[in-house]
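What follows is a short report on a single structure.
The values are calculated or read from the model by the stated rules, or taken from the named source; none is laboratory data. It should be emphasised that the depicted structure is a prediction, and the values quoted were computed from it without experimental measurement. Heads up, the Cβs are rebuilt from the backbone with ideal geometry, glycines too, and the neighbour counts pull from every protein chain shown.
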Amino acid sequence: MKRRLTPALLAIAVALNCTQSRRMGPRPQGPDPANMVPARARTIYREMGLMIDTARMPLVASLRFLPGSTPESTVAIFGLSLANRVLNFRRDENGGLVAGYHVELTLRQDTAVVRQVVRDETVRVGTQPETLRRDESIVFQQILTVPSGVYTVGLVVRDRSSPAYAETKVVDTVPRIETPGLSTPLLIYQGAGRARRGTLPQLVMNPRAATPFDTDTARWYVEAYELPRGTRIAARVVDLDSVELWRDTLTLGEGPLATLRFGIKPGVLPPGRAEFQVQAVGGTARATAPFLVAFSDLWAVHRFDETVDVLRYFARQAAITKLKAAPRTGRAAAWQAFYAATDSAPRTPRHEPLERYFRRVDVANQRYADPGAPGWKTDRGEVFITLGEPDQAFEVPGRTAPGIRWEYSDLHVTLAFQDDDGWGKYHLTLQSRAEYERVLAQVRGAP
């Protein structure tokens, strides 16, 4: 897994002049929106107050706020997250791969347009596989200053070389940020922020407010206004069950605007929704922000018990049993112990076994969903997650119960799946289930 901030892979949107380009050939079938931002992730993003559109051109966007130069003004930071796959890339005259998109952001009060941003952007990548990325690979950002108040925020995004487009609208309140106090915490990719209120912050926000569980430090940016030098600011992360997962305290420097940066290392937080909270120790100033610890850009869970459930096929079942038995107040410690115990290469920045496992969960969800269950809970999903890609897969015709067979040459096993009711609910036959359990025990080293 490559870091998100590799310049060639994460396009921070800027205006570029693009030479005339030509088509690469027939446009491949567009992505299945359900595979780009699945229903579970859509629900979570909406509950976090984000803007999404998955019906036409999958995207996630958000607005975050800091105080402006006067009490009546607010700095609004708009961020938009896209995947390369949703755009139509073409070869330019130099042989490079180029795609363009158009963004219209409108803030209205009643029928009056208060602010409107219209921008055309260009994305360049080096290889064709990069054009097929499904994860967040493009971040568009616009910073503007607006009066506080209630706004209807409209967003339109169009692919400049295909009919693909997205449109979404929300009602949002641009707050009047009082001082002394604390800003809403911002989850960012990078940036120094700012030293005074009259300037725009130098940072790149995380539009999805989502951080991977294993590869990147979660970077939080907080501003403090007119609080005394030496004030201690306590930060903590709590999950949806109000269980504290992490805590740290920093001390303010001098000035009417002081900045704080909190970092949470990979492996500290379990996947799931959480809230980042900051508060002045001994004072009343406080602020919160929702965020998501994700094990995938394509799949998400709400709570700790859902994370444990998704790990039901993980090879180290003894470690999963300990994780499942953890008391509520011991969740963070249990996850960190599990993370350390199952990392096959602790000197590397990644947790390869979990990364491989969750990648297979992603693929299973995309390929093997049936009308009654997500792909990872189906029989084919289970076998794929535990044994991997079959060496051969072929259909077995049948008038009453059509079937599919998967062959694993190295394991010397062929597994049969049947669809008894004709609704696409393929399940392992009884004989194949027994054979699968035998092979699974062998793969896991069980007696």
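When Arg85 is tested against (1) part of a strand (DSSP E or B); (2) of a type in the set (D, E, K, R); (3) out of contact with any strand residue (DSSP E or B) (no Cβ under 9 Å at 6 or more places or on another chain), only condition (1) is not met. Scan region 241-257 and tell me whether some residue there is within 24 Å of Gln141 (Cβ to Cβ), crowded, with 18+ Cβ neighbours inside 10 Å and not assigned by TED's automatic domain parsing to the domain that holds Val114. Yes: one or more hits. Exactly one residue among Val293, Val278, Val308 is of a type outside the set (S, T, N, Q), crowded, with 17+ Cβ neighbours inside 10 Å and not in a strand (DSSP E or B), and that residue is Val308.
Would you pick out the residues in region 178-206 that are exposed (fewer than 14 other Cβ atoms within 10 Å of the Cβ) and among the charged types (D, E, K, R)? Correct list: Glu178, Arg196.
A quick yes/no check of all residues on (1) assigned to a loop (DSSP other than H, G, I, E, B); (2) surrounded by 19 or more Cβ atoms within 10 Å (Cβ to Cβ); (3) at negative phi:
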site: Asp362; (1), (2), (3): no, yes, yes
site: Trp376; (1), (2), (3): no, yes, yes
site: Ile385; (1), (2), (3): no, yes, yes
site: Thr414; (1), (2), (3): no, no, yes
site: Asp420; (1), (2), (3): yes, no, yes
site: Trp423; (1), (2), (3): yes, no, yes
site: Arg433; (1), (2), (3): no, no, yes
site: Tyr436; (1), (2), (3): no, yes, yes
site: Gln442; (1), (2), (3): no, no, yes
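Which of the residues that make up region 148-175 are among the small types (Gly, Ala, Ser) and touching a Leu at 6+ places or on another chain (Cβ under 7 Å)?
The answer is Ala166, and nothing else.
For region 219-234, a residue qualifies if it is surrounded by fewer than 18 Cβ atoms within 10 Å (Cβ to Cβ) and among the small types (Gly, Ala, Ser), and the qualifying residues are Gly230, Ala234. In contact with a Pro (Cβ under 6 Å, 6 or more places away or on another chain), crowded, with 17+ Cβ neighbours inside 10 Å and among the acidic types (Asp, Glu): does that describe Asp214? Answer is yes for this residue. Tell me, yes or no, whether region 329-336 has at least one residue that is over 24 Å from the mean Cα position of the chain (by Cα) and not assigned by TED's automatic domain parsing to the domain that holds Gly424. Yes, some residue in region 329-336 is over 24 Å from the mean Cα position of the chain (by Cα) and not assigned by TED's automatic domain parsing to the domain that holds Gly424. Taken over region 337-359, the residue count meeting the criterion of being acidic (Asp, Glu) and over 21 Å from the mean Cα position of the chain (by Cα) is 1.
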